[in-house]
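Heads up: the structure comes next, in structure tokens.
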Amino acid sequence: MAEVFAATGLVLAAGISALASILVAKLRTENTHQHAANLDRLSLNANRLKNIATDVAEIKTDVRDTKEAHDRHIEWHIEGKKPR
């Protein structure tokens, strides 16, 4: 009788180990796909930030007449005029 319990325990332990192995493999695969997707998003965001930095640098070099343009814009909002 003890041999039957030992064999049953061995089979159950092997089954639990197999299920755990399958679960870990599935989670590892999902994690790998999520990691790759995150790297792609990071790459896209890095490119967007680089483009924003370029745009800001261009704007920074061309800020002449900003106050006058702003005043005209505020005047347009207040009085309903079209900007000059």
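Build a GNM of the chain with springs between Cα atoms under 10 Å apart, and of Lys50, Lys26, Lys67 the one that fluctuates most is Lys67. Label-to-label distance, Ala69 versus Glu30, with points set 7 angstrom from Cα along the beta-carbon direction: 5.1 nm. Computed from Cα positions, the angle between helix 2-61 and the longest principal axis of the chain comes to roughly 10 degrees. Taken over the range 1-48, the alpha-carbon convex hull comes to 30 cubic angstrom per residue. Once Rg/Rh (Cα atoms, Kirkwood Rh) is calculated for the structure shown, the corresponding label among [x] 1.51; [y] 1.33; [z] 1.66 turns out to be [z]. In this simple spin-label approximation, Asp55 and Leu23 carry label points 7 Å from Cα along the Cα→Cβ vector, and these lie 4.8 nm apart.
Every number here is computed from the coordinates shown, using simple stated rules; none is lab data. Predicted model, so just to flag it, every value in this text is computed and none were measured. Positions of Cβ are generated from backbone atoms using ideal geometry, with glycine treated the same way; all protein chains shown enter the neighbour counts.
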